[in-house]
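Written below as structure tokens is the structure these notes are about.
The values are calculated or read from the model by the stated rules, or taken from the named source; none is laboratory data. Fair warning: this is a prediction, and the values are worked out from it, not measured in the lab. Ideal geometry is used to build each Cβ from the backbone, glycine not excepted, and the neighbour counts take in all protein chains shown. Please note that ligands, DNA and RNA were not included when accessible areas were found on the heavy atoms of the full protein model with its side chains. Shrake-Rupley method; radii C 1.70, N 1.55, O 1.52, S 1.80 Å.
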Amino acid sequence: MTAIDAHAHVFKRGLPLAANSRYAPDYDATPEDYIRNLEANGITNGVLVQPSFLGTDNSYMLEALRRYPDRFRGIAVVQPDIQQDALRELAAAGVVGIRLNLIGGQNPRFDADPWPMFLKHLADLDWQVEIQAEARRWPELLPLLLKSGVKVVADHFGKPDPKLGIDDLGFRQLLAAGNTGRVWVKISGSYRNGAGLPAAAMPLLRESFSLDHLVWGSDWPNTQFEATTGYSQVRGELDVWVPDPGDRRVVLDAAPRRLFWMTRR
């Protein structure tokens, strides 16, 4: 059976760092290292997300996609003025969306150039815009993204304020977008959100999005949390969050295969 990890990163020491990088690991996390973790935990496929500290130089991730085309899909980081031909080249390599990591930055002006044309190009490719941002920002981000026609993926449970949890008004706005059918949530990175969030959030996410718009990600190699968690531990969390094996098949197979265009292995 196909089982897809929807969120992981690969990199190695010595790669050029983004100019505004706030962090860079002092170890390697190669595609082969990642594959060993997949195979040890019963996972067949993975989605490689460009690490923020590497900026728009997607070359290491693209190399992994080309080396393992049947195993991986990719989420790239690009500038919004990128040409459509360049996006098509990324698509040919196995990229299916772009990521915006807005932590520590400003919300993009999605209604100002060059964003409207960029989002149209993404929608024409049927790509997703994956966003890591504090939940309080969803009320501003979601309306224009949904209007543009792109698919939207919220990283790490939508990142509600750990102090507010499910009472975060931004998280409630994210839940309200479940009825659009064009928003997915990654149930991942629990350690980035406060220990009690998954148990409280899962019933609400299931009700608002249904399982076919929830995907699980390991967030491997769990950067900045390497000392306190690991692949087997985060994979085991999914069994707690989604205890029914049939339900887990939706989260690990049907939902991510549809979102990331995975073929059954």
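Ellipsoid fit via the Cα gyration tensor, region 13-68: semi-axes of 23, 13, 9 Å, each the root of five times an eigenvalue, largest first. Springs join every pair of Cα atoms under 10 Å in this Gaussian network model of the chain, and among Ser59, Ser190, Ser21 the largest mean-square fluctuation is at Ser21. Here the accessible area of the chain is 50 percent carbon and sulfur, with a 1.4 angstrom probe and all protein chains present. Residue-wise HN-Hα couplings along region 33-44, as the Karplus relation 6.51 cos²θ - 1.76 cosθ + 1.60 with θ = phi - 60° gives them from phi, are 4, 5, 4, 4, 5, 4, 5, 6, 10, x, 10, 9 Hz; Gly and Pro carry x. Computed over the Cα atoms of region 43-124, the ratio of the radius of gyration to the Kirkwood radius (Rg/Rh) comes to 0.98. A cut-off of 5 Å between modelled amide H atoms, ignoring neighbours fewer than 5 places along the same chain, links Gly74 with Leu48, Val95, Val96. When every Cα-Cα distance of region 159-240 is counted in 5 angstrom steps from zero, the calculated P(r) takes the values 3, 15, 25, 25, 18, 11, 3, 0 percent.
Summing Cβ point charges (Lys, Arg +1; Asp, Glu -1) relative to the Cα centre of the chain gives a dipole of roughly 280 debye.
Partner lysines whose Cα lies under 26 Å from the Cα of Lys163, excluding those fewer than 8 positions away in the same chain, are identified as Lys186.
Within the listed set His156, His121, His213, the residue fluctuating most in the Gaussian network model of the chain (springs between alpha-carbon atoms under 10 angstrom) is His121. The spacing between region 211-265 and region 79-154, judged by their C-alpha centroids, is 23 Å. For Gln233, project a label point 7 Å along Cα to C-beta. Then give me every residue of region 36-73 with its amide nitrogen under 20 Å of that point. Label zone hits: 36-43.
The C-alpha radius of gyration of the chain, expressed as a fraction of 2.2 N^0.38 Å, stands at 0.93. Scalar couplings 3J(HN,Hα) for region 229-243, obtained by applying the Karplus form with A = 6.51, B = -1.76, C = 1.60 to θ = phi - 60°, are 8, x, 4, 4, 5, 6, 5, x, 4, 4, 5, 6, 5, 10, x Hz; x denotes Gly and Pro. Solvent-accessible surface of region 61-183, taken per residue with a 1.4 Å probe and all protein chains present: 45 Å². Using a simple spin-label model with pseudo-atoms 7 Å out from Cα toward Cβ, Phe225 and Leu204 lie 1.8 nm apart. List the chymotrypsin sites (Phe, Trp or Tyr not before Pro) within region 65-144 that DSSP assigns to loop and that have no more than 10 neighbouring Cβ atoms inside 10 Å. Hits after loop and neighbour filter: nothing returned.
Rg/Rh, computed from the Cα trace of region 51-200 with Rh as the Kirkwood radius, has the value 0.97. Over all orientations, region 121-180 has a Cα convex hull whose mean projected area works out to 3.8 square nanometres.
From largest to smallest, the equivalent ellipsoid semi-axes obtained for region 195-253 from the alpha-carbon gyration tensor read 21, 13, 10 Å.
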